[in-house]
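This report refers to the structure that appears directly beneath it.
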Amino acid sequence: LRVLISGGTGQLGRELLRTRPAGHVVQAPGQADVDISSAASVERAVAGFAPALVINAAAYTAVDAAEGDREAAFRVNADGAANVARAAARCGARLVHVSTDFVFDGEAGRPYAPNAAPRPLGAYGESKARGEQAVREILPDRSLVLRTSWLYAAHGRNFVLTMLKLMRERQVINVVCDQIGCPTWANSLAAAIWAFVARGEVSGIYHWSDAGAASWYDFACAVREQALAIGLLASAGEVVPILTRDYPTAARRPPYSVLDCSASWAVLGHRPRHWREALNAMLCELGESPHA
Ligand SMILES: NC(=O)c1ccc[n+]([C@@H]2O[C@H](COP(=O)([O-])OP(=O)(O)OC[C@H]3O[C@@H](n4cnc5c(N)ncnc54)[C@H](OP(=O)(O)O)[C@@H]3O)[C@@H](O)[C@H]2O)c1
């Protein structure tokens, strides 16, 4: 299978490339080579490579910055997603498009099913919801929209690497304990995407995260505990729970955004690891190659 991955240098893009199954011919250009906010740029890449599958891992992911620059977020997450879908449609390719738990407001109090109505709280979530809609309209029978949550990897900008840095630098790290979601290793998501690809014709909206649920505080405590246990940190600052209202940010975040992934488990015939196990695997990897 010829597979084009847009956003190839992001957390997910890199993990997709790393876990690509043997036999696929994969191109994973970064933003410098394929800018999805330019229809011409996407068109050129797709026409030149003629993929049978496009995976859109490119996104404007700066949740707080998006509040101050809605246009930039919509240019990539909404118009960019539509550009990718149109280019895929033109060359007869299928599309896997990645989206987010932030399309929900987090007020439901129970895991969100894929058909729950999106109600984003901020510009990032709104732009991602618009992108999902465009993809489903342009390629109704040949697109898989896969929502995920709280992504991290041994590289890139993410909560785990930020916590490790803060734990080295500070005595005390305040972390919010009243936002609940599910941490997901980009490597787990990449493997799930390849498993969906292997199933062939799956179309529609699905959810995938690692198993379990946690607050950012729980997540930070697990990072600390595990990093100390494997010797990634020699000592670490203390993690202290605080409330969202005591940690103001530009964007509002959903208080509870766990995704109900059972439809994906049924399609793929397997369940993900618990997020703590996935975190441990990532930290061990980081320990072996600290500059990954
Ligand atoms: N990170 C999370 O916690 C999270 C949670 C739920 C869902 N998601 C979704 O998961 C997907 C992958 O996220 P990620 O964590 O891998 O994000 P990431 O590490 O920020 O990677 C996104 C990539 O997209 C690139 N990009 C930005 N604008 C682009 C453009 N106009 N054209 C082409 N590429 C562009 C970025 O390039 P630069 O680095 O050069 O800007 C970056 O390499 C996204 O759809 C995201 O919305 C993420």
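Where a number appears in this text, it was derived from the coordinates with a stated rule and is not lab data. Treat the numbers as computed from the prediction; the structure is a model and nothing was measured. Using ideal geometry, Cβ is built from the backbone for each residue, glycine included, and neighbour counts are taken over all protein chains shown.
Where the convex hull is taken over the Cα atoms of the chain, what is its projected area averaged over directions, in nm²?
About 14.3 nm², averaged over all directions.
Neighbours of Gly181 by Cβ distance under 12 Å: Lys/Arg scored +1, Asp/Glu scored -1, total -2. Annotation: amide H-H contacts under 5 Å for Ala113 (H modelled 1.01 Å from N, sequence separation of 5 or more, or interchain): Asp260.
Summing charges over all other residues whose Cβ lies under 13 Å from the Cβ of Ser99, with Lys and Arg as +1 and Asp and Glu as -1, gives +1.
In order along region 8-24, phi translates into HN-Hα couplings of x, 9, x, 4, 5, x, 5, 6, 4, 5, 5, 9, 4, x, 4, x, 8 Hz, rounded to whole numbers, per the Karplus curve 6.51 cos²θ - 1.76 cosθ + 1.60 with θ = phi - 60° and x for Gly and Pro.
Sequence-ordered 3J(HN,Hα) estimates for region 42-52 from the Karplus curve with 6.51, -1.76 and 1.60 and θ = phi - 60° stand at 5, 4, 4, 5, 5, 5, x, 9, 6, x, 8 Hz, glycine and proline given as x. Quick check: net charge around Leu164, other residues with Cβ under 12 Å of its Cβ, Lys/Arg +1 and Asp/Glu -1? Residues near Leu164 contribute +3 overall.
Considering the dipole of the chain built from charges on the beta carbon (Lys and Arg +1, Asp and Glu -1) around the Cα centre, which of Ala45, Thr148, Val84 is farthest to its positive end? Among Ala45, Thr148, Val84, the one farthest towards the positive end of the dipole of the chain is Ala45. Its Cα centre serving as origin, region 128-201 has a Cβ charge dipole (Lys and Arg +1, Asp and Glu -1) of approximately 240 debye. Placing +1 on the Cβ of every Lys and Arg and -1 on the Cβ of every Asp and Glu, with nothing else charged, gives region 82-173 a dipole about its Cα centre of roughly 300 debye.
Projecting label points 7 angstrom from Cα along Cα→Cβ for Ser289 and Ala40 puts them 3.8 nm apart. Paramagnetic label reach from Glu169 (point 7 Å along Cα→Cβ; backbone nitrogen cut-off under 16 Å): within region 190-233, no residues.
With axes computed from alpha carbons, what is the tilt in degrees of helix 216-229 against the longest principal axis of the chain, rounded to the nearest 10 within 0 to 90? Orientation of helix 216-229: about 70 degrees from the principal axis.
Taking square-rooted eigenvalues a ≥ b ≥ c of the alpha carbon gyration tensor, is region 37-135 rounded, prolate or oblate, where a/c under 1.5 means rounded and, failing that, a/b exceeding b/c means prolate? It comes out oblate by the Cα gyration axes.
Exposed loop sites are taken as GluC sites (Glu not before Pro) in a DSSP loop (any state but H, G, I, E or B) with at most 11 other beta carbon atoms within 10 Å; the longest stretch of the chain without one runs 1-106. Using C-alpha pairs under 8 Å with a sequence gap of at least 6, the mean separation divided by the residue count of region 102-203 gives a relative contact order of 25 percent.
Looking at region 182-292, the pairs of alpha carbons with a distance over 17 Å make up 64% of the total.
Please find, in a Gaussian network model of the chain (springs between Cα atoms separated by less than 10 Å), the residue of Ala211, Ala57, Ala263 whose mean-square fluctuation is greatest. Greatest mean-square fluctuation among the candidates belongs to Ala263. Once backbone amide H atoms are built at 1.01 Å from N, Gly204 has Ser143, Leu144, Val145 as its partners under 5 Å, excluding neighbours fewer than 5 places away on the same chain. Close amide-amide hydrogen proximity is noted between Ile180 and Tyr256, Ser257, each under 5 Å apart and 5 or more residues distant or on a separate chain (H modeled in the peptide plane; Pro and chain starts excluded).
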